[in-house]
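Heads up: the structure comes next, in structure tokens.
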Amino acid sequence: YFLKDLNMKYITLIVTGLLLFACNQTDKQVSQTQADAEQAAVQIAEMWLALLDEGKFEESWDESSSVFKNSVTKEQWVETMRINRPPLGKVLQRNMKTKSYETNVPGKPDREHVAIQFQTKFENKAIGIETITPAKDSDGVWRVWGYFIK
């Protein structure tokens, strides 16, 4: 009886260990997937911001997500950028402050997205906070779906 009880304890211990290992691996995969998404989002954000920095407002709209394009026409976007961006002057420095991976936002489609804030120093504005939100578009490609500067 003692050996049978001892064997059950070992089996229980082994099964528990395997379950914990499997859970840990799943957590690592989720973590890695999230890290990959954040990395992709930051790369897209930086490339898209470079278009704004170069005054390529039409191209920035073209490279935006379907959600972005459905919320503002190309003409509206270009006009808004032509009015608001040049007075800031050239970008002197841009540093990422925060990034936050999420899968849903009220009023937006449930998609993977990363809200990123950059602290940006412009020629004519000492500190600007740029908030940019790349999201996985309906075709699975990461594109910008939101941008705000203050």
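Against the conditions (1) of a type in the set (A, V, I, L, M); (2) open to solvent by 60 Å² or more (accessible area, probe 1.4 Å); (3) touching a strand residue (DSSP E or B) at 6+ places or on another chain (Cβ under 8 Å), where does Met47 fall short? Just the number, please.
All conditions pass for Met47, except number (3).
Could you please tell me which pairs satisfy a Cβ distance under 6 Å, a separation of 6+ or placement on different chains, a first residue in the range 60-75 that is of a type in the set (A, V, I, L, M, F, W, C), and a second residue that is modelled with pLDDT of 95 or more and open to solvent by less than 70 Å² (accessible area, probe 1.4 Å)?
Pairs found: Trp61/Lys74; Trp61/Trp77.
Just checking, which of Phe21, Phe68 is surrounded by 14 or more Cβ atoms within 10 Å (Cβ to Cβ), of a type in the set (A, V, I, L, M, F, W, C) and either assigned to a loop (DSSP other than H, G, I, E, B) or modelled with pLDDT under 95 (or both)?
Answer to the selection: Phe68.
If you go through the range 124-143 one residue at a time, do you hit one that is open to solvent by 50 Å² or more (accessible area, probe 1.4 Å), under 17 Å from Gln39 (Cβ atoms) and free of Cβ contacts under 8 Å to residues at least 40 places away in the same chain? Quick ask: steps written out before the conclusion?
Quick first cut of the range 124-143, residues open to solvent by 50 Å² or more (accessible area, probe 1.4 Å) only: 124-127, 136, 138-139, 141, 143.
Retained after the next criterion (residues that are under 17 Å from Gln39 (Cβ atoms)): 136, 141, 143.
Subset that is free of Cβ contacts under 8 Å to residues at least 40 places away in the same chain: 141.
Checked the range 124-143: at least one residue is open to solvent by 50 Å² or more (accessible area, probe 1.4 Å), under 17 Å from Gln39 (Cβ atoms) and free of Cβ contacts under 8 Å to residues at least 40 places away in the same chain.
I'd like the full set of residues that are assigned to a loop (DSSP other than H, G, I, E, B) and surrounded by 14 or more Cβ atoms within 10 Å (Cβ to Cβ), limited to the range 52-65.
Residues satisfying the conditions are Lys56, Glu63, Ser65.
Looking only at residues in the range 94-108 that are touching a residue at least 24 places away in the same chain (Cβ under 8 Å), surrounded by 11 or more Cβ atoms within 10 Å (Cβ to Cβ) and of a type outside the set (A, V, I, L, M), which one is nearest to Ile127 (Cα to Cα)?
Going through the qualifying residues, I end up with Arg94.
Could you say whether any residue in the range 86-93 is in contact with a strand residue (DSSP E or B) (Cβ under 6 Å, 6 or more places away or on another chain), loosely packed, with under 11 Cβ neighbours inside 10 Å and part of a strand (DSSP E or B)?
Yes - at least one qualifying residue is present in the range 86-93.
The values are calculated or read from the model by the stated rules, or taken from the named source; none is laboratory data. Because the structure is predicted, anything quoted here is derived from the model rather than measured. Note: ideal-geometry Cβ built from the backbone for every residue, glycine included; neighbour counts use all protein chains shown. Please note that ligands, DNA and RNA were not included when accessible areas were found on the heavy atoms of the full protein model with its side chains. Shrake-Rupley method; radii C 1.70, N 1.55, O 1.52, S 1.80 Å.
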